[in-house]
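These notes concern the structure reproduced below.
Just so it is clear, none of the values below were taken in a lab; they were calculated from the coordinates. What you are looking at is a predicted structure, and each value in this text was computed from that prediction instead of being measured. Neighbour counts are summed over all protein chains in view; Cβ atoms, including those assigned to glycine, are modelled from backbone coordinates with ideal geometry.
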Amino acid sequence: MPVDMRMLKSEFMSRVKCHLRSLKAEVIQPDESVKLAAQTTIERQNKMAILKIVKYPEAVLERAGDAVTEFDDDLKQLVSDMFETMYNAPGVGLAAPQVGVSKQVFVMDCSGGKDPQQKIAMINPKVLHTEGEYTAEEGCLSFPGIFFDVKRPMRAVVRAQDVNGKEFEVDGLELTARCMLHEKDHLDGVLFLQRTSPLKREMAKRRIRKLIKQGEW
Ligand SMILES: [Zn+2]
């Protein structure tokens, strides 16, 4: 344990030194605006933010997200902020349109933070295969307090890119399949409201209108 701590400390110190060197380089940068922008980037790299989750009926929720073409620091920041926001909610999945960003990005963790292997960000996901079906109760962070029984495939194979643009596939069963398909729906502008019966959908819409009127939504 003490050895690990020392290693950690020396690694930390070398990082601080690197950081100080880069700051020093910025100080002699003649253009003040460039310097400020660079400092903001450094600050942002060290911070995660909890984003505001937009609720139905915000228009962004029913619009298909744009494909991601730049796998840059802004994307990595968005993904880490989305994880932070999802865990804080708490939820097991969160799509970019739910934080007001119309892009093909979602994050999920069906273990609720217990299993690092289940912490997955999917960029530009495509559903390759689904099979079987089962019904289970679903909720959505953009519909707080509203739950429906939704029929979905039992298994889903989804191909996506990670934050560096590298392709990977997830072959998920039950909750994992359900979560991927619920989030992929968000990226297509489809809400779980549309996956239930017209009667239940109308009842939920009426309830939401009432809550909005009462200032409780
Ligand atoms: Zn949702």
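Could you please tell me which pairs satisfy a Cβ distance under 6 Å, a separation of 6+ or placement on different chains, a first residue in region 125-152 that is free of Cβ contacts under 8 Å to residues at least 40 places away in the same chain, and a second residue that is assigned to a strand (DSSP E or B) and more than 14 Å from the ligand (Cβ to nearest atom)?
K126/R159; H129/V157; E131/R155; G132/R155; E133/K151; T135/D149; T135/K151; E137/D149
Looking only at residues that are acidic (D, E) and either surrounded by 14 or more Cβ atoms within 10 Å (Cβ to Cβ) or out of contact with any Lys or Arg (no Cβ under 9 Å at 6 or more places or on another chain) (or both) in region 101-138, which one is farthest from D185 (Cα to Cα)?
D115
Filter region 164-180 down to the residues that are touching a strand residue (DSSP E or B) at 6+ places or on another chain (Cβ under 6 Å) and not in a helix (DSSP H, G or I), then identify the one that is nearest to S102 (Cα to Cα).
This residue is E167.
Across region 83-105, what is the number of residues that are within 13 Å of the ligand (Cβ to nearest atom) and out of contact with any Cys (no Cβ under 9 Å at 6 or more places or on another chain)?
Result for region 83-105: 8.
Considering region 111-127 alone, what residues qualify as being of a type in the set (K, R) and not in a loop (DSSP other than H, G, I, E, B)?
K126 - this is the single residue of region 111-127 that is of a type in the set (K, R) and not in a loop (DSSP other than H, G, I, E, B).
Any idea which residue in region 140-156 is nearest to A96 (Cα to Cα), counting only those that are more than 16 Å from the ligand (Cβ to nearest atom) and outside any strand (DSSP E or B)?
P153
Any idea which of E183, E137 is within 16 Å of the ligand (Cβ to nearest atom), part of a strand (DSSP E or B) and among the acidic types (D, E)?
It is E137.
So in region 191-214, with the set limited to residues that are among the hydrophobic types (A, V, I, L, M, F, W, C) and more than 16 Å from the ligand (Cβ to nearest atom), which one is farthest from the chain's Cα centre (by Cα)?
L199
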